[in-house]
Each structure stands twice: as structure tokens, then as C-alpha cells.
Amino acid sequence: MAGRHVAARLARSCRFRLAALRPLSSASAAVAAESALPLAETTAGEDRDGGVTMKGVRISGRPLYLDMQATTPVDPRVLDAMMPFFLSRYGNPHSRTHLYGWESDQAVEVARAQVAALINANPKEVFFTSGATESNNVSVKGLMHFYRNKKRHVVTTQTEHKCVLDSCRHLQQEGFDITYLPVQKDGLIDLQRLADSIRPDTGLVSVMAVNNEIGVVQPMEDIGRICKKKGVFFHTDAAQALGKIPIDVDRMNISLMSLSGHKIYGPKGVGALYLRRRPRVRVEPQMNGGGQERGIRSGTVPTPLVVGMGAACELAKKEMEYDGNRIEALQDRLLNGIREKLDGVVINGSMEHRYAGNLNISFAYVEGESLLMGLKEVAVSSGSACTSASLEPSYVLRALGVEEDMAHTSIRFGIGRFTTEAEIDRAVELTVKQVEKLRDMSPLYEMVKEGIDIRSIQWTQH
């Protein structure tokens with residue numbers, strides 16, 4: 001009863017804000033029905049004719065969302081699972097003396113089991129964190145600090161997420177040795193080179209399962225086999241892989257794994273760390289406090305967020321095959337639609353070893369920032385959301401050997417569970433239109449059409 005009163009008050013207080021929102025793309029439309037959003041009221045930044053102005057940019061309405069590698073919308077079924085723990089079952093899961101604490105603790109353990117089931121792990125090997133960035137920090141720095149007396153070397157790749165690379169640089173400042181392996185032109189690592197780089201004092205090999213910028217899937221079982229043979233712990237950042245490709249920590253011989261909730265249609269602010277029990281992997285905690293999560297990660301476990309991540313994992317386990325087939329068909333539709341109308345289209349990364357929901361494309365003779373600005377009606381990015389503020393070309397694409405001019409023209413299209421065929425068709429239409437517009441203004445493209453090899457031109461400076 002109390003929960004219903006709280007919910008009613010919350011609904012009344014939020015009524016104005018909800019009324020001000022326009023219908024979203026299909027992902028959001030799955031959550032909020034259009035009829036529930038009166039259009040009579042507007043907010044600052046939204047015109048009465050339905051236009052939206054944000055950061056000085058005006059567009060006719062909310063853009064199509066094709067940036068699923070940055071984040072995903074919360075699945076309505078996940079939100080349904082979370083809501084009771086916001087409104088009525090709000091106990092601290094670490095409170096041991098009353099019902100509120102007991103039911104929250106039980107919900108956390110159910111979620112732990114749901115996450116474990118998706119990766120074929122024991123629930124006791126799953127520890128909740130604030131996200132994949134924290135899990136990566138604990139994995140890289142925590143493990144090397146614990147074994148610092150015997151292990152002083154880490155092997156990783158040049159295309160890892162920035163939080164892994166920065167954690168490795170932090171270790172370098174502390175005197176550890178780091179080997180940053182290059183990748184091949186398709187984004188995959190050279191397995192023989194990996195094996196040769198492992199030394200007697202190597203403590204950790206860290207390789208991302210699915211790359212966040214180019215979607216390349218690394219040969220996890222082969223890497224795990226090498227690490228097991230060499231007696232080295234294997235860590236993988238699986239934030240982009242969880243729920244999208246099958247993961248089996250035993251078959252892949254994974255020792256530590258970083259997971260994120262908001263990449264699999266769960267809430268932001270929650271993630272998980274997998275730590276193998278046999279053979280046991282030890283880490284030094286990066287946060288001190290009350291000793292929650294068996295001392296690995298102190299701090300109150302946020303029950304609603306954890307419940308949401310668990311529900312998202314359970315849904316992913318049930319629907320991974322269906323989602324994968326559907327997303328692959330949408331990727332083909334997007335790529336074929338663009339290639340039919342444009343030349344000079346280059347796919348970055350392997351097409352054979354790739355998660356279909358990530359399509360990173362470079363458009364020759366087009367400036368990437370101009371293309372992004374022209375695609376105001378499509379929410380896409382030029383790479384990682386964590387580094388997209390930089391005007392420098394993507395370090396991931398440069399590691400693939402992509403030339404700087406092509407690296408600057410890359411666009412990452414992210415396709416997900418709620419993406420529709422109509423959205424793909426509209427994205428194709430807008431992308432083709434903008435690329436053609438920019439090429440019409442490009443003297444370089446005009447020279448190429450006339451048969452001039454612009455790479456052979458000796459440019460002079462005046």
C-alpha cells in the first residue's frame with residue numbers, strides 16, 4: 001500500500017516532465033506509448049512545432065538511435081523487474097536484521113546467479129561493481145598489485161578500451177613492464193606473436209573480446225589455450241560481448257572478465273567482475289570500506305541496478321540467437337543500401353570475425369566531422385563515446401593501419417534489439433544524401449572522378 005502511494009506521488013511530480021517529452025525512436029517507443037505524452041506543453045529547448053534545439057543545433061525531432069555501442073535503452077521488462085526495489089522493497093541488502101534487508105539480499109543473489117548463468121560461471125565467482133571501467137581497473141591493477149613480488153609484466157593490445165590502456169600506463173609508472181601488441185589489418189591479434197610475448201614474469205594477458213569501435217571478435221578460445229599452456233592469467237573486457245556472442249568462461253579459460261549492465265539493455269551504473277575460483281585468482285581491492293562483495297568491492301550494492309542487470313542477462317540468454325539473426329539481417333540491409341549508392345566505402349575491421357551490430361565504415365573524400373554534423377537526424381558516433389570528444393583520429397583505426405584521412409571519415413553504426421527496418425532505411429537515405437553533398441563540394445573527389453591518382457600528386461606549400 002505504501003509503495004502505491006509513493007508511486008502515485010512520484011507520478012504526479014513527474015507529470016510535467018513526462019508531458020514535455022516527445023515520442024522517441026523505436027527503442028524508446030517500446031517503453032513510452034505516444035498517447036501518454038500530451039503535446040500541449042513544451043520545455044526549454046523544444047519548439048512548439050516539435051523541433052528540438054540542443055547545444056545550438058536545431059533538428060526537426062529526436063534522431064534515430066544507432067549508437068548501441070555507447071549505450072542501449074533499458075528493456076521495458078528490465079525496468080519492470082527493477083521498479084519494486086525503488087518503491088517498496090528498498091532495503092539495504094547488507095541489513096541482516098529485518099525483512100527489507102533479507103528480500104534485497106535475496107534479489108541480489110538471484111541477479112548474481114542470472115549473470116553467472118549467461119557466462120557459464122559459478123555465482124560465487126561474480127562480483128558486482130559500478131561498471132566495466134571499475135572491473136577493468138580491479139582486474140589489471142588489482143591483480144598485478146597482489147602478485148607484484150613475482151609478476152612484473154602485462155601483455156595487452158593496442159586496441160583495448162582506454163580504461164585498460166590507462167590502467168597499464170599507471171602500472172608502468174609504478175615500474176611494471178607492459179607489452180602493447182599490434183593488431184593485424186583486420187583487427188585480430190597474431191596468436192604466435194602473443195605466445196612469443198609471454199615471459200616467465202608475465203602476470204596477465206588482457207585482450208578485449210569484442211572491440212567497442214570496430215566490433216571485431218578476438219579468438220578467445222585460442223587466446224585462453226595459450227594462456228593456460230603458459231600458466232598466465234587471462235583477462236578480457238567483455239562489455240561489448242556479453243549477451244551478444246556466446247561466452248563460456250571454462251571453454252575460453254578466462255581468469256577475469258569485466259561486464260557492463262548498460263550495454264545489454266540494463267541500467268547504467270552497474271557492472272560485474274568475474275573472478276575464477278579454481279585455480280584461484282586473487283586481486284588487491286581498489287576501494288576500501290565495509291568489505292561488501294566478499295571484500296573485493298566495498299560499498300552498498302545498489303539493489304535496483306543489480307536486479308536490472310540480472311534481468312537483462314536472463315533476457316539476453318533467452319533471446320541472444322533471435323537478436324543475433326535479426327541484427328545480422330539489419331546490418332546487411334544497412335551495408336547493402338549504402339554500397340548500392342556510394343563508392344569509396346571501406347569497412348574497418350574483419351567482416352568474418354565481427355559482431356553484426358557494430359558496423360564501422362569510412363567514406364573516402366569526406367571529412368568525418370562534417371559528415372557527423374550533417375547526420376543530425378541519426379544518432380551515430382565516430383568511435384568510442386569515451387574518447388569521441390577528441391579531434392584526433394581513432395587510435396583503434398590507426399592501429400589497424402588505416403590512413404589518417406580515412407580514419408577521420410569513419411562512422412560507427414550501432415544496431416540493437418529495438419532497431420527497425422524503417423530506421424535502417426532512413427539512416428541509409430540520410431547517410432547517402434550527406435556523403436553525396438559533401439563529395440560534390442570536394443575538389444579531391446572531382447579529381448578522382450576524372451581519373452587522377454591524387455596520391456601521386458606532389459603538393460607544394462605556398
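Residues Y274, Y147, Y395, sorted by accessible area with the largest first, give Y395, Y147, Y274 [1.4 Å probe; ligands and nucleic acids excluded]. When you restrict to C-alpha pairs under 8 Å that are six or more residues apart and normalise by the size of region 76-315, the relative contact order lands at 28 percent. In this calculation the C-beta distance from E352 to F146 is compared with R0 = 35 Å, giving a FRET efficiency of 0.40.
Here region 76-315 carries DSSP beta bridges of which approximately 40% are antiparallel, counting only pairs with both residues inside. Of the solvent-accessible surface of region 187-312, computed with a 1.4 Å probe over protein heavy atoms with every protein chain present, carbon and sulfur atoms account for 49 percent.
Multiplying the residue separation of N336 and N120 by 0.36 nm and removing their Cα-Cα distance gives an extension gain of 74.1 nm. Mind giving me the nanometre distance, one decimal, between the label points for K317 and Q192, set 7 Å out from Cα along Cα→Cβ? In this crude spin-label approximation the distance works out to 4.1 nm. Placing a label point 7 Å from the Cα of D166 along the Cα-to-Cβ direction, the residues of region 135-157 with a backbone N closer than 16 Å are 135-142. Within the full protein context, the accessible area of H408 is estimated at about 60 Å² for a probe radius of 1.4 Å.
Label positions at E221 and V345, each projected 7 Å from the Cα along the C-beta direction, are separated by 3.3 nm.
Of interest is the spacing of the C-alpha centroids, which for region 93-154 and region 290-354 amounts to 21 Å. Antiparallel beta bridges, as assigned by DSSP with both residues in region 216-319, represent about 60 percent of the total such bridges. Across region 199-229, the residues whose backbone nitrogen lies under 13 Å from the label position 7 Å along the beta-carbon direction of I245 are 207-224. Label positions at E436 and N92, each projected 7 Å from the Cα along the C-beta direction, are separated by 6.3 nm.
The values are calculated or read from the model by the stated rules, or taken from the named source; none is laboratory data. In this text, all values refer to a predicted model and were calculated from it rather than measured experimentally. We place every Cβ from the backbone using ideal geometry, glycine too, and count neighbours over all the protein chains shown. The area values use the complete protein model at the heavy-atom level, side chains included, leaving out ligands, DNA and RNA. Shrake-Rupley method; radii C 1.70, N 1.55, O 1.52, S 1.80 Å.
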